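Rule-based calculations on the coordinates, nothing more; no lab input. None of the values given here were measured: they were computed from a predicted structure. Positions of Cβ are generated from backbone atoms using ideal geometry, with glycine treated the same way; all protein chains shown enter the neighbour counts.
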Amino acid sequence: MNDTQKTAKRDGDYLSTLARGLSVLRAFTKERPEMTLSEVAAATQLSPAVARRCLHTLVELGYVGKQGKLFLLTPEVMGFASAFIESMNIEEVVQPYLQELRDKTGDSASLAVLSDLDILYLVHVSTTRMIRLVAGFGTRFPAYATSLGRALLAYQPKQRIDDYLRRVELTKLTVKTVTSKARLRKILANCKKDGFASVQDELDYGIVSVAVPVFGTDGTILAAINCSTATTRVNKDDMVASRVPELREAANKIEVELRRYPILAHSISSAAS
């Protein structure tokens with residue numbers, strides 16, 4: 001739990017019942033698509049009695065299904081994502097520039113925001129090339145091992161970076177994954193100095209990516225965009241040399257669009273705060 005969440009829990013308007021219900025929804029992942037009651041309780045750190053009430057309510061509302069003793073999400077939860085996409089016009093505001101980037105480079109292009117210790121994809125434009133990691137709206141990856149995450153972290157206030165490094169567990173995802181917090185801090189400082197972040201073979205083997213920040217009107221970072229492709233096409237140095245100028249041009253265009261659609265900028269900013 002981060003400092004913002006701790007502050008919220010002390011707020012008299014904080015509704016703990018709602019928070020518990022949402023924690024149950026978030027407990028279901030690719031690794032845990034189905035869970036028993038006891039598994040849900042363990043994943044959410046709720047008591048079995050509280051987890052049971054949350055699950056019963058979510059089943060009644062249609063967001064969770066039940067197969068024997070196993071609980072699982074239903075397609076009804078997609079309504080939350082659809083409401084965000086439709087109300088914020090994110091596809092109209094951002095996607096055209098990522099498609100243009102994809103067409104120029106032949107790479108996948110994405111926009112993501114920082115979500116606690118992870119990055120959260122909001123827009124992803126893919127190519128026909130097959131890669132091991134598939135991303136899309138709502139996909140989450142650990143921030144420390146991605147170019148998007150490093151670009152996002154590099155421009156956070158020092159206190160936010162300190163909090164991140166204090167709480168994150170740097171797990172080795174490949175033999176090249178940086179797991180030293182001191183080294184990661186230096187990498188983030190260099191990312192901010194250079195204006196971009198690049199990663200190769202750290203999230204998974206055979207993937208190289210480079211990302212740049214997207215800023216709001218007040219100069220704070222809102223999001224990051226990246227290009228990602230297979231190392232069989234291009235290495236990291238060539239990726240940086242050829243993609244960074246294209247990424248910066250796309251980021252500038254997206255920043256202009258966000259000034260025209262401040263509600264989307266405010267939504268992204270609220271998620272990142």
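Specify the residue with the greatest mean-square fluctuation among L101, L73, L120, computed from a Gaussian network of the chain linking alpha-carbon atoms under 10 Å apart.
Comparing L101, L73, L120 in the GNM, the peak value goes to L73.
As an exercise, identify the trypsin sites (Lys or Arg not before Pro) in region 121-214 lying in DSSP coil whose Cβ has no more than 11 other Cβ atoms within 10 Å.
Numbers: sites: R129, R132, R140, R150, K158, R160, R166, R167, K172, K176, K181, R183, R185, K186, K192, K193; in loops: R129, R132, K172, K176.
Passing sites in region 121-214 are R132, K172.
As a check on your grasp of the helix formula, calculate [θ] at 222 nm for the chain: sum -39500 (n - 2.57) over DSSP H runs of n ≥ 4, divide by the residue count, round to the nearest 500. Can you show the working numbers first?
Details: 11 runs with 137 residues, N = 273.
The helix contribution divided over the chain gives -15500 deg cm²/dmol.
Mind listing the long-range amide H neighbours of A223? Cut-off is under 5 Å, sequence gap 5 or more, other chains count too, H placed in the peptide plane at 1.01 Å from N.
V214
Semi-axes, largest first, in whole Å: what does sqrt of 5 times each Cα gyration tensor eigenvalue give for the chain?
Over the Cα atoms of the chain, the semi-axes work out to 32, 21, 20 Å.
Name the long-range amide H neighbours of S115: under 5 Å, sequence gap of 5 or more, or other chain; modelled H, no Pro or chain starts.
For S115, the qualifying residues are L120.
Under a 5 Å amide H to amide H cut-off, with H placed in plane at 1.01 Å, what residues pair with V64 once short-range neighbours are removed?
Under 5 Å from the amide H of V64 lie the amide H atoms of V59, T74, each far enough along the sequence or on another chain.
Compute the helix-to-body angle for 48-61: its Cα long axis versus the longest principal axis of the chain, expressed 0 to 90° and rounded to tens.
Around 80 degrees separate the two axes.
Holding the Cα-Cα limit at 23 Å, pick out from K192/K236; K30/K66; K30/K181; K30/K104 the pairs that are longer than that.
Result: K30/K181; K30/K104 exceed 23 Å.
Using a Gaussian network model on the chain with a 10 Å cutoff between Cα atoms, which of Y144, Y97, Y261 fluctuates the most?
The residue with the greatest mean-square fluctuation here is Y261.
If you fit an axis through the alpha-carbon atoms of helix 78-88 and take the longest principal axis of the Cα set of the chain, what angle between them do you get, 0 to 90°, nearest 10?
Helix 78-88 and the main axis of the chain meet at about 50 degrees.
Quickly rank 104-112, 13-21, 233-241 as a protection proxy: mean count of other C-beta atoms within 10 Å, highest first.
Working: 104-112: 24.1, 13-21: 11.9, 233-241: 15.1.
In descending order of packing, they fall as 104-112, 233-241, 13-21.
Which shape class, rounded, prolate or oblate, goes with region 200-273 when its Cα gyration tensor gives a ≥ b ≥ c as root eigenvalues, a/c under 1.5 marks rounded, and past that a/b bigger than b/c marks prolate? Walk me through the numbers before you get to the answer.
Numbers: a/c = 3.38, a/b = 2.04, b/c = 1.65.
Judged from the Cα gyration tensor, region 200-273 comes out prolate (a/c at least 1.5, a/b above b/c).
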